[in-house]
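Notes follow the structure.
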Amino acid sequence: MDNNLKPREKIKRSDINSLSDAELLAIILGSGTKQSDVIATANQLLIECNGLARMQSCEIDDFRKIHGIGEVKSLVLYAIFEISKRTNKEKYYLERTEITKPEIVFDLCKPMISYTQEKVVVLSLNVRMELISKNEIYVGELTSVTIQPREIFKTVFVKSAYAFILVHNHPSGYCEPSDDDLIATSAIAKGAKMLNVLFIDHIVVAKDGFYSIRSNHQSVFSG
């Protein structure tokens with residue numbers, strides 16, 4: 001392919017909006033095969049998957065059916081479209097108010113239920129209770145994570161948040177909080193009170209659903 005027609009060269013010279021869907025996919029795929037160049041492979045991918053929008057619902061095996069797309073490229077495509085889905089969901093919540101209900105938080109953080117390690121996420125909110133940011137701050141062992149209030153408040157203040165919600169997952173599949181979860185929540189609540197920042201809730205998510213510590217253990221937040 002002429003260098004001037006190669007997608008990577010074109011994106012250097014042009015506005016990205018000028019690239020076609022096939023050209024954007026070609027940048028991700030990187031190369032074609034001896035029988036067809038990367039643009040032809042990208043076009044075939046679009047045809048087989050019925051366009052970009054439906055491609056978000058494709059599985060790894062759907063991508064591998066396309067000649068010239070092996071396991072590695074299939075995994076890359078699958079990961080990119082999963083990022084796209086999560087980005088769209090987060091963007092949706094960035095544009096809506098009142099993200100304080102446990103049901104809304106669970107929907108936003110639902111991918112966490114499949115994590116094989118415990119992770120902690122801080123949802124920073126403004127004064128209207130709108131989402132400012134969603135930040136993952138810890139990765140724990142398979143069954144536990146040590147929650148340090150200092151790191152949580154560092155994230156909250158860097159985002160200039162008025163309030164925050166803490167979320168963490170249980171790989172065990174059961175969302176019932178442990179005694180350590182309640183102790184950590186109490187310590188964070190005391191710190192939030194001292195620092196004059198609103199601690200809305202600590203929500204545990206798992207395959208069996210979610211658990212709002214504030215809804216079930218209001219006294220933990222009394223400080």
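The values are calculated or read from the model by the stated rules, or taken from the named source; none is laboratory data. The shown structure was predicted, so the numbers you read here are calculated from the model rather than taken from an experiment. Backbone-built Cβ (ideal geometry, glycine too); neighbour counts: all protein chains shown. Ligands, DNA and RNA are stripped out before the accessible areas are found, and what is left, the full protein with its side chains, is counted by its heavy atoms. Shrake-Rupley method; radii C 1.70, N 1.55, O 1.52, S 1.80 Å.
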Exercise. Convert each backbone phi in region 163-173 into a coupling constant with the Karplus relation 6.51 cos²θ - 1.76 cosθ + 1.60 (shift: θ = phi - 60°), then list the ³J(HN,Hα) values in order as whole Hz, x for Gly and Pro.
Key: 8, 8, 10, 9, 9, 9, 9, 10, x, 5, x
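Which of the trypsin sites (Lys or Arg not before Pro) found in region 16-88 are in a DSSP loop and have at most 16 neighbouring Cβ atoms, other than their own, within 10 Å? Intermediate values should be presented prior to the final figure.
Details: sites: Lys34, Arg54, Arg64, Lys65, Lys73, Lys85, Arg86; in loops: Lys34, Lys65.
Taking region 16-88 and a limit of 16 other Cβ atoms within 10 Å, the loop trypsin sites (Lys or Arg not before Pro) found are Lys34, Lys65.
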Self-check item: Residues of the chain: accessible area per residue with a 1.4 Å probe, Å²
Solution: 56 Å²
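Per DSSP H run of at least 4 residues, take -39500 (n - 2.57); add these up for the chain, divide by its residues and hand me the 222 nm value, nearest 500 deg cm²/dmol. Provide the component values of the computation, followed by the final result.
Numbers: 10 runs with 99 residues, N = 223.
It lands at -13000 deg cm²/dmol.
Ratio of region 87-164's C-alpha Rg to 2.2 N^0.38 Å, to two decimals? Can you show the working numbers first?
Numbers: Rg = 12.8 Å, N = 78, 2.2 N^0.38 = 11.5 Å.
So the Cα radius of gyration is 1.11 times the expected 2.2 N^0.38 Å.
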Quiz item: On a 0 to 90 degree scale, rounded to 10, what angle separates helix 179-195 from the longest Cα axis of the chain?
Solution: 80 degrees
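Stokes-Einstein at 10 °C, 1.306 mPa s, Kirkwood radius from Cα pairs: D for the chain in µm² s⁻¹? Don't skip to the answer; put the middle values down first.
Numbers: Rh = 20.0 Å.
Once the numbers are plugged in, D ends up at 80 µm²/s.
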Quiz item: Round to a whole number: what % of the accessible area of the chain belongs to carbon and sulfur, probe 1.4 Å?
Solution: 51 percent
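Longest segment of the chain with no GluC sites (Glu not before Pro) in a DSSP loop having at most 13 other Cβ atoms within 10 Å? Walk me through the numbers before you get to the answer.
Working: sites that count: Glu59, Glu95, Glu98, Glu141.
The segment 142-223 is the longest one with no such site.
Whenever you get a sec, line up Ile66, Ile39, Ile47 from highest to lowest accessible area (probe 1.4 Å, protein heavy atoms).
Reading off the accessible areas and sorting them downward yields Ile47, Ile39, Ile66.
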Quiz item: Can you flag which of Lys134/Lys154; Lys73/Lys134; Lys34/Lys85; Lys119/Lys159 are past 24 Å Cα-Cα?
Solution: Lys73/Lys134; Lys34/Lys85
Quiz item: If the chain between Val76 and Leu24 were fully stretched, how many nm would it gain, using 0.36 nm times the residue separation less the Cα-Cα distance?
Solution: 17.4 nm
Practice problem: Can you tell me what the convex hull of the Cα atoms of region 129-223 projects to on average, as an area in nm²? | Solution: 5.9 nm²
Quiz item: Which aspartates and glutamates have a Cα lying under 15 Å from the Cα of Lys91, excluding residues fewer than 8 positions away in the same chain?
Solution: Glu82, Asp107, Glu130
Exercise. Provide the per-residue ³J(HN,Hα) series for region 131-137, in order, calculated from phi with Karplus coefficients 6.51, -1.76, 1.60 and θ = phi - 60°, each as a whole number of Hz, with x at glycine and proline positions.
Key: 5, 8, 7, 10, 10, 7, 10
Self-check item: DSSP-loop chymotrypsin sites (Phe, Trp or Tyr not before Pro) across region 167-223, with at most 15 other Cβ within 10 angstrom
Solution: Tyr174
